[in-house]
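Accompanying notes for the structure given below.
The values are calculated or read from the model by the stated rules, or taken from the named source; none is laboratory data. Since we're looking at a predicted model, the values are computed, not measured. Glycine gets a Cβ as well: all are built from the backbone with ideal geometry, and neighbour counts include every protein chain shown.
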2 protein chains.
Amino acid sequence: MERKKIAIVGVGLIGGSLAIQLHEKKLSSKLIGVDANEGHAKKALELELVDEILSFDEAIQQSDVIVLAVPVDTMVSLLPIILNKIDDQVVLDLGSTKSQLIEAIKNHPKRGRYVATHPMWGTEYSGPQAAVRGAYENKAVIICNAEESDTDALEWVKHMYKKIGMHLLEMEAKAHDLHAAYVSHISHITSFALANTVLEKEKEEQAIFELASAGFESTVRLAKSNPAMWVPIFMQNKENVLDVLKEHIAQLSRFKESLEKEDNEYLMRLIEEANKIRRIIK
Amino acid sequence: MERKKIAIVGVGLIGGSLAIQLHEKKLSSKLIGVDANEGHAKKALELELVDEILSFDEAIQQSDVIVLAVPVDTMVSLLPIILNKIDDQVVLDLGSTKSQLIEAIKNHPKRGRYVATHPMWGTEYSGPQAAVRGAYENKAVIICNAEESDTDALEWVKHMYKKIGMHLLEMEAKAHDLHAAYVSHISHITSFALANTVLEKEKEEQAIFELASAGFESTVRLAKSNPAMWVPIFMQNKENVLDVLKEHIAQLSRFKESLEKEDNEYLMRLIEEANKIRRIIK
């Protein structure tokens, strides 16, 4: 397929990393950056993530494809405005929650031009300087409610994701949000809470710094993640996240009980059960 | 210093990885393996982690240094027996808890020959085949109650750890066990509980497998850890682990509350607080 003029709204970690891939895989004839944060816009240009920075309106006017990579609350207010302004361009988003966004434009006359996607990649860092080359490769991308998108728009988006090395899955938005709560959102909550636990109780920070092993770092690293991105995700996916979080607290309480009762066998069973995660992650 | 004949009791992940380093750094003139698990003993020999396998008694008789790398409950029963058998050899352990072990041999006439240590390294795998080359390098090792060890024994153990690239810290056993609960033990409990949460609630394992991102993997990987190693650690460090675990459940409950009340500001504050972990881990 021929190269497209692509506007990326939000040139931070997610949008910036996509920009690098779009350029490298020769998907874009031009990359236009849009960012409400002037510092980020400037930085994205400086790092050559995008070819130029334009205003929101100019960018939409001059692009064949518009990619939304902003926090999911901004997404919900921005997407209907974009659909109002476009003609037959393709619009897609890279957000971590899907139900509320899809609901927001369900009856929009331009609904078909929009493709709802969630590439399963990210890091705990943010901003254009956190953009990573080779991101997204060999990861999954979920396309939600694909049947509501126009065939040509859907095809181009699939083509794009395949070209940058992702494998495609299709799912209804509700199923997506449930699974995302399990395989991504709860990990972030446990990590944030673990950081707060250690910071609250362990006053000798020097000791943590010196002793912290790789195990600690791996369970706590997500706690560095950006609140502006995560607060709206948790709120939009509140019901699912609460369900999983309640179960997680119940599971932790079992460990607590086994220790309080000094019940070695029970503790052994709990850990053996947990070991079954080997079936899922290598 | 001249090379020593070193016996490693327990040639699994921890003992096996140390064996590789002892050999590579020319600290050992001979490496003798001891393991109650015959399969592990055979495998360790096959992998050339050790030069020969001997019985417990023979190994003690023929060694200058005896390294204990067995689960911490076995350690508590084995250490007094070893001290009964030795003459002036050096004995050290690599266990993750220290108070109970040190207490167990506090008044032993050979107390001075023993050095209590905890090298801060491990992985979620176990057994001799999990041994890693270059393990321990650039990590911290804690020596506990150093003043209770004989000077020559202490000096040799410090020499050994420096030679394999570790940086030394000294600490009382009680302080060690408290810090270990924060920077290692709680991470394992959260990871086990997270695995159980997901396995319990998410019946569509295929979905987890396909969607699981790097974030999920990093928070859940410790859940693959060996129960035979971890049950005794948690039990021996029960008081500290329970303290931290209760605080962790309280912190998770704050996230739950912020979601239930849809209190964006509170959730934002909780995450901003967690972000301060950046001060401690890069």
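The sole residue among B:Ile249, B:Ile233 that is without any contact (Cβ under 8 Å) to a residue 12 or more places away in the chain and at negative phi is B:Ile249.
Note on the range B:125-148: residues that are under 12 Å from B:Gly12 (Cβ atoms) and surrounded by fewer than 18 Cβ atoms within 10 Å (Cβ to Cβ) total 5. When you scan the range A:132-147, do you find a residue that is over 25 Å from A:Arg111 (Cβ atoms), among the β-branched types (Val, Ile, Thr) and at pLDDT 95 or above, even just one? Yes, there is a match, as at least one residue in the range A:132-147 is over 25 Å from A:Arg111 (Cβ atoms), among the β-branched types (Val, Ile, Thr) and at pLDDT 95 or above.
Kindly evaluate A:Leu194 against the criterion of being within 12 Å of chain B (Cβ to nearest Cβ), without any contact (Cβ under 8 Å) to a residue 60 or more places away in the chain and among the aliphatic types (A, V, I, L, M). Answer is yes for this residue. Elements of the type helices (runs of 4 or more DSSP H) sitting completely within the range A:201-272 and holding at least 3 residues that are more than 20 Å from B:Asp263 (Cα to Cα), facing chain B (nearest Cβ under 7 Å) and touching a strand residue (DSSP E or B) at 6+ places or on another chain (Cβ under 9 Å): these cover A:205-211.
Filtering the range B:54-79 to residues that are among the aromatic types (Phe, Trp, Tyr) and assigned to a loop (DSSP other than H, G, I, E, B) leaves nothing.
The condition (being surrounded by fewer than 20 Cβ atoms within 10 Å (Cβ to Cβ) and small (Gly, Ala, Ser)) is satisfied by just one residue among B:Ala19, B:Ala59, B:Ala7, B:Ala36: B:Ala36. Yes or no: B:Val183 assigned to a helix (DSSP H, G or I), farther than 18 Å from A:Ser218 by Cα and within 7 Å of another protein chain (Cβ to nearest Cβ)? No; evaluated as a whole, the condition is false for this residue.
May I ask you to verify whether B:Ala153 is free of Cβ contacts under 8 Å to residues at least 12 places away in the same chain, more than 7 Å from every other protein chain (Cβ to nearest Cβ) and touching a Gly at 6+ places or on another chain (Cβ under 9 Å)? When the stated conditions are applied, B:Ala153 does not pass them.
For the range A:60-90, the set of residues classified as small (Gly, Ala, Ser) and within 28 Å of A:Met235 (Cβ to Cβ) consists of A:Ala69, A:Ser77, listed by residue number. Would you confirm whether any residue within the range A:132-139 is out of contact with any Lys or Arg (no Cβ under 6 Å at 6 or more places or on another chain) and outside any loop (DSSP other than H, G, I, E, B)? Scanning the range A:132-139, I find no residue that is out of contact with any Lys or Arg (no Cβ under 6 Å at 6 or more places or on another chain) and outside any loop (DSSP other than H, G, I, E, B), so the answer is no. Residues in the range A:40-48 include at least one that is out of contact with any strand residue (DSSP E or B) (no Cβ under 7 Å at 6 or more places or on another chain), over 26 Å from A:Asp87 (Cα atoms), assigned to a helix (DSSP H, G or I) and in contact (Cβ under 8 Å) with a residue 40 or more places away in the chain.
Residue by residue through the range A:250-280, note down the ones that are surrounded by fewer than 16 Cβ atoms within 10 Å (Cβ to Cβ) and of a type in the set (A, V, I, L, M, F, W, C). Passing the criteria: A:Ala250, A:Met268. Residue count for the range B:104-124 under the criterion of being part of a loop (DSSP other than H, G, I, E, B) and buried (at least 16 other Cβ atoms within 10 Å of the Cβ): the result is 7.
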